[in-house]
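Have a look at the structure below, then the notes.
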Amino acid sequence: MPHSILIKEQKGDAERPPELIAYDIDSIALANRLVRSIAKANRVHGFDPETHQRWFKLKDSIFHVYRLKVEYK
């Protein structure tokens with residue numbers, strides 16, 4: 001099943017809806033590597049074990065980057 005990568009911005013108490021940044025990725029390993037690479041491209045980054053999402057900080061915002069399995073019907 002294909003995977004998509006989404007990113008959502010959190011600034012203070014406000015949170016924007018997730019934005020699709022990549023889709024139709026056939027390999028779960030590749031999708032995970034892309035998510036990890038996006039987060040690690042920034043100086044301040046990490047992994048949230050509760051949500052299983054990578055994150056990075058840019059200016060005053062925290063960005064959550066994650067993979068989502070797409071199921072077509």
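Read the figures in this text as sums done on the coordinates, not as results from a lab. Since we're looking at a predicted model, the values are computed, not measured. Virtual Cβ from ideal backbone geometry, glycine too; neighbours counted across all protein chains shown.
Only loop residues by DSSP count here, and only those with at most 14 other Cβ atoms within 10 Å; note down the chymotrypsin sites (Phe, Trp or Tyr not before Pro) in segment 4-73 that meet that. Provide the component values of the computation, followed by the final result.
Values: sites: 23, 47, 55, 56, 63, 66, 72; in loops: 72.
Passing both the DSSP loop test and the Cβ count: 72.
Counting each DSSP H run of 4 or more residues in the chain as -39500 (n - 2.57), what helix-only mean residue ellipticity at 222 nm follows after dividing by all residues, to the nearest 500 deg cm²/dmol?
-5500 deg cm²/dmol
Between the DSSP loop rule and a limit of at most 16 other Cβ atoms within 10 Å, which GluC sites (Glu not before Pro) in the chain are left? List each step's numbers first, then the result.
Working: sites: 9, 15, 19, 50, 71; in loops: 50, 71.
Within the chain, the qualifying GluC sites (Glu not before Pro) (loop, at most 16 other Cβ atoms within 10 Å) are 50, 71.
If you look for lysine pairs in segment 3-69 that are eight or more places apart or on different chains, how many of them have Cα atoms under 13 Å apart? Walk me through the intermediate numbers first.
Values: 8/57; 11/57; 11/59; 40/57.
So the count works out to 4.
Hey, any idea what the orientation-averaged projected area of the convex hull of segment 3-69's Cα atoms comes to, in nm²?
Value for segment 3-69: 4.5 nm².
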